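What follows is a set of notes on a single structure, which appears directly below.
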Amino acid sequence: MERSVVFAGFGGQGLLFTGQVLARAAIRDGLEVFWIPSYGPEMRGGTASCTVIVGDEPIGSPVVDEFDAAVVMNLPSLRKFAPLVAPGGLVIVNSSLLGDLGCGRSDVDEMRLPCTELAAQGGDDKLVSVVALGALVAHLGWVTRESIDSALREMAGRKRPEVVDADLGAFAAGLQAGAVGQAA
Amino acid sequence: MTLDARSSGALRGAAAARLVYRKPDVLVDRATHYCPGCGHGVIHRLLAEVLTDLDLPAHTIAVAPVGCAVFIYDYLDVDFVEAPHGRAPAVATGIRRLRPEAFVLTYQGDGDLAAIGTAEIVHAAARGERITAIFVNNGIYGMTGGQMAPTTLLGQRTTSSPSGRDAGLMGYPIRITEMLAQLPGVTYAARGSVADAGSIGRLKAMIARACRVQIEGGGFAIVEVLSNCPVGWGMTPQESLEHLKGPVVEAYPLGVIVDRSAPSTARPAAAAPTKPEA
Amino acid sequence: METGRRARVLMKGNEAIAEAAIQAGCDAYFGYPITPQAELLEWMARRMPELGRVFVQAESELGAINMALGAAATGARVMVSSSSPGISLMAEAMSYMAGSGTPVVLVNVMRAGPGLGGIGPSQSDYFQATKGHGHGDYRVPVLAPDSIGEAMDLMATAFELAERYRTPVMLVADGILGQAMEPVELRFRTPERQAFDWALTGAAGRPARIIKSIDLDPEVLERRNLALQHKYREIARHETRWEGWRLGDAEFAIVAYGTAARVARSAIARARDNGMKVGLFRPITLWPFPERELARMSRQLHGILTVELSSGQMIEDVRLAVEGRCPVAFHGRMGGLVPTPDEVLGALKALRGRVERTRAASGHSPAAHDRGTPSTNGAGLDAGARPGGRG
């Protein structure tokens, strides 16, 4: 069975990186995965997104009819992607930037997450997308926490070893917030 | 006839049998396809002589152009690849990079090098590719029937400028060798001519210099050869040579344009344009 | 977590293709930046000098492909990559390489045309890749992977074919395959080096060699061209590649390649859930097109749906292969859009509906098509199933 999530927001919010962390974790968990970014001038215009499809069998279509989950980090992303989430799916809204705005749908789970504040708790308030990934994993459990930790160490460690701890902290903060959000 | 002459020479005694000229082996002994009076034959011979003098034929990989001289590989017995029109410098770049030990030679006409292939020659020169380029400028597209070339003189009548080249409509002739000489990647650039024996002698020295530059590890070397096209110009061979010595040389001055191979004027690294910040 | 699989790593398509080429023994790469394949050039810019191999960023795609021509003439293993408008510029040299027998591998990460078009995923260069590019009577083998892993395998195949048949070979991908990341096994293949009796190395101790395509004597040129055609027949006989999926009991088939084939797989899985017997026929070589295999398959089918990221180009080869044995319908998107599985499922259902209605109206039993009766309703089906206005 295939499940899909879109990570969308501003360039610089770490969305493509976070999608790759999820993809690497999926590989570590023995799953099939496909990661596809938006590319080209669109990225230079300030919005960035990537889609990650996770499955037990080799991934078929790289485009999906509906997403099972969307992580939206800014207003254009909320407007564009929240309507594309399947009924019963999950929308994670970055309330640090979007305030009270939500997707306005009653047929999906909406998780409002103060990503900036949570990221700051982890040690670096820029790591907003990693927070959202934590909440996503807590809520949906597509991949194991250990695999995300390992993927974060591998990916962040390669280029910026000094931020590995902050990444792990941001992920933990999101994980915790996501678990609470689920319980609520 | 030859045999008879030799026999009669032998009769007069061994001392009189002095060898004045021997065709280089690398010049293939076959009937030419070039028109009567055409300069390509002279240039091919000079190349054959210089390659032989420098012991290069067995190491040479040459690139043939599109135009009358596409068949140069029928006359020079070295490895050849045929390039699409104008692309010889790019093809030669590929050879150069893969065969650092080879002697790489291009041979192009003026339509090939100075019109359709302008980008390729400029950038091969800018990269300072270790290539020897022979650029034959006869001011016309010969093979296609005598149309205007980028190098055609102002006022010159061709089949595509029947009233003469008009600068207002057709622009000005290009001195592309001078343009190339501006580039720090160009080690040697010179212009010679096949108009008469003296010119041919000086041209041979230029070609030899351009080949030595490559052997000695220099950068890009080019020799522009002012040549004639009696058929395309609508002249007898003799008239075409007079024309070459007159208005053509006036438009395209002869001589060495740049020689950065000399120690005093060695190519300064600082002369290369610095990489602009992106 | 032990998976029992070989180690897999996440790789981006463009970079995986570049590394596979390197591992296949690519001696030289020549390129010019263009989206959506710039990462391929960048990977080569870093890796080739590391390995002491040749990388040149050329002044244009014309420069790049002609450098490749010169490099390949020396017997080296050579590649270029570009995207649609750049391939148009390379077309000239491809004709020369085909005519003179110069083995160069080209990668086209297609974008949406015509003109400058867009950079979204597209298969709008099928005609260019399989029927044309440059002038003259020639063919070029075209490989069309549908995953990053397959693209890596096919890079080695591309060099093999290029050298075995002395021909340019093209691998086509689209922006999705170029930009996406998938888990791949780092399992590479390096084709064996052959001794070429045509390579230009300097004529020391042997007669001079000439690599050329001109012959002004018509009789000589015709002989040369006949030899080329003989070579193309050999390639068609030995190198045609395709893959079938769930075709065993299929009454309908989707014919699709590359990314479109992946969408088709998802659509087929849903169609099977809905009780439709559908399979996938996926050409891997676009030229030579697997026409005999598709012709054979069409005898068991009630209808074929061709899915492409174009206005419908491969469908012409599908129709030629099927020769009217069953209706051939089309669904595609253009401009950088990709049909979703539900869209394709809709097109499949429409095809089935039309086939059933036509049969009911004419009183044909399903067996009628098995006798190879030419179908007269194919055109009508196409008209109904052309790209819709969705989105």
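Summary of values
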item: Relative contact order of chain B, defined on C-alpha pairs under 8 angstrom at six or more residues apart (%); result: 17
item: Taking chain A and dividing mean pair separation by its residue count, relative contact order in percent (alpha carbons under 8 Å, at least six apart); result: 22
item: Modelled FRET efficiency - R0 25 Å, C:Asp197 with B:Asp25, Cβ distances, 0.05 increments; result: 0.65
item: Charge dipole of chain C about the Cα centre (unit charges at C-beta), most positive-ward option of C:Pro36, C:Tyr138, C:Gln123; result: C:Gln123
item: Alpha carbon centroid spacing (whole Å) that separates segment C:180-243 from segment B:122-174; result: 36
item: Crossing angle, helix C:84-100 versus chain C [Cα axis fit, 0-90 degrees, rounded to tens]; result: 60
item: Cβ-placed point charges (K, R +1; D, E -1), dipole of the protein assembly as shown about Cα centre in debye, nearest 20; result: 1200
item: Across B:Lys204/C:Lys212; B:Lys23/C:Lys212; B:Lys23/C:Lys231; B:Lys245/C:Lys212; A:Lys80/C:Lys349, pairs whose alpha-carbon gap is larger than 31 Å; result: B:Lys23/C:Lys231; B:Lys245/C:Lys212
item: Per-residue [θ]222 nm for chain C (sum of -39500 (n - 2.57) over DSSP H runs n ≥ 4, rounded to 500); result: -13500 deg cm²/dmol
item: Highest average packing first - B:239-247, A:1-9, Cβ atoms within 10 Å; result: A:1-9, B:239-247
item: Residue mean of other protein chain beta carbons inside 10 Å, A:2-9; result: 0
item: Cβ neighbours within 10 Å from other chains - mean over C:119-125; result: 2
item: Peptide-level mean, for B:60-67, of C-beta atoms on other protein chains within 10 Å; result: 4
item: Cα Rg, Dmax (largest Cα-Cα span) when computed across segment A:7-135, Å; result: 14.1, 39
item: Sites C:Glu243 and C:Asp215, calculated FRET efficiency, Cβ-Cβ separation with R0 35 Å, nearest 0.05; result: 0.30
item: Share, in percent, of DSSP beta bridges within the protein assembly as shown that are antiparallel, nearest 5; result: 30
item: For peptides A:78-84, C:162-168, A:48-54, C:63-69, sequence by mean Cβ density within 10 Å, most packed first; result: C:63-69, A:48-54, C:162-168, A:78-84
item: GNM top mover of B:Arg22, B:Arg96, B:Arg45 - chain B, alpha-carbon springs below 10 Å; result: B:Arg22
item: Karplus-derived HN-Hα couplings along segment C:140-150 (A = 6.51, B = -1.76, C = 1.60, θ = phi - 60°), whole Hz, x at Gly and Pro; result: 9, x, 10, 9, 10, x, 10, 8, 5, x, 5
item: Considering only segment B:12-164, percent of DSSP beta bridges that pair antiparallel, nearest 5; result: 25
item: Between segment C:260-332 and segment A:61-116, the Cα center-to-center distance that results, in Å; result: 37
item: Ranking of C:Phe30, A:Phe34, C:Phe289 by count of other Cβ atoms within 10 Å, fewest first; result: C:Phe289, A:Phe34, C:Phe30
item: Between segment C:42-89 and segment A:145-160, the Cα center-to-center distance that results, in Å; result: 35
item: Estimated inter-spin distance, B:Gln182 and C:Arg296, nm [label 7 Å along Cα→Cβ]; result: 6.5
item: Counting DSSP beta bridges with both ends in segment A:1-93, the antiparallel % (nearest 5); result: 60
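No value in this document is a laboratory result; all are computed from the given coordinates. Worth saying up front: this structure is predicted, and the values here are computed from it rather than measured. Glycine also receives a Cβ, built like all others from the backbone with ideal geometry; neighbour counts cover every protein chain displayed.
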